Amino acid sequence: MLMSWPEWIEFSLQFNHVLAIIAGSLVGLSLGLTGGGGAIFAVPLLVYGMGVDPREAITISLIAVGLTSFTGFLSRWRMGEVDLKTGFLFALSGMIGTPAGTWIANLIPETVLMLAFAGLMLIVAERMWKKATKPFVKDSLCQPTGHEELDDQMTCQRSLSGQLILTSRCAALLLMVGVLTGVIAGLFGVGGGFVIIPALVLFSGMPIHKAVGTSLFVISLVSLSGVISQTVAGRTVDLQITLPFVLGGLAGVVAGQAFAKRLSGPALQKTFVVAIVLVATMVIVRNLTA
């Protein structure tokens, strides 16, 4: 028996809800499993899986990434794995860069925007592959010192107690990386953890576990700035897609973190690299042949 138009519309809406939950769960699951880089799947899933406009997909992605990162931050904060001082510096500069990324995204044609996004995906894949094959992080440029008062230094300094000592050049370096993270977030709707975590370890001398927790704090604030920038720019989202997508993402993160403890990290990351490259290739082909 054929459905009437009202019944068909209701069925379509329910089907879209299910699709949004599944898509959000996949993004959250990948975030929970890999600890970073999973958000790169959000925009392609929304655009090619659900037919969402690319710029609207960026906004939805920022909302989902922001909320899932904030949830992760609260958990890490309770465990004492967040450096709020360094995180605030990064986040404030990132929040400055986000409107610039939003402005650039509004100037770029959708095809160019998606091709640039595919390029970003390949960069993330390359970084994840390196991390999987060489899991040990390069020695920090941040040197310990026993003196609280320092002359201007090229690299950041930490006291013997582990407190970050900000020189003008150190602050400028962290601010520049923070602004870059904000631009990437506003332009592509991703958190930028693949930039934040290496920068925190390399330039601020932060232990890797604390860098992960601090990056979640930074990403949540930068994503909030991105959502505000998108709203000011007149960008709207379909709540019937956004809410189930976000809920699916939150559930996926919890499940991913639980599974991650039982799986081999390097092998898992290599699998995700293959998936990222395949999705990036699909994005490139679809936009070049459109």
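So here's what we get for this one:
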item	result
Where Rh is the Kirkwood radius over Cα pairs, Rg/Rh for segment 30-122	1.01
Computed FRET value (nearest 0.05) for ASN16 with GLU110, which takes r as the C-beta separation and R₀ as 22 Å	0.55
Gained length - LEU84 relative to ASP53, 0.36 nm times residue gap less alpha-carbon distance	7.6 nm
Calculated FRET efficiency for the pair ARG262/SER75, C-beta based, R₀ 25 Å, to 0.05	0.85
Taking TRP103, TRP129 and counting other C-beta atoms within 10 Å, the order from fewest to most	TRP103, TRP129
Segment ILE208-THR236, extension gain: residue separation times 0.36 nm, minus the distance between their alpha carbons	6.4 nm
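Values quoted throughout were computed directly from the atomic coordinates according to the rules given, and no laboratory measurement underlies them. Because the structure is predicted, anything quoted here is derived from the model rather than measured. Counting neighbours? That spans all protein chains shown, and the Cβs are built from the backbone with ideal geometry, glycine included.
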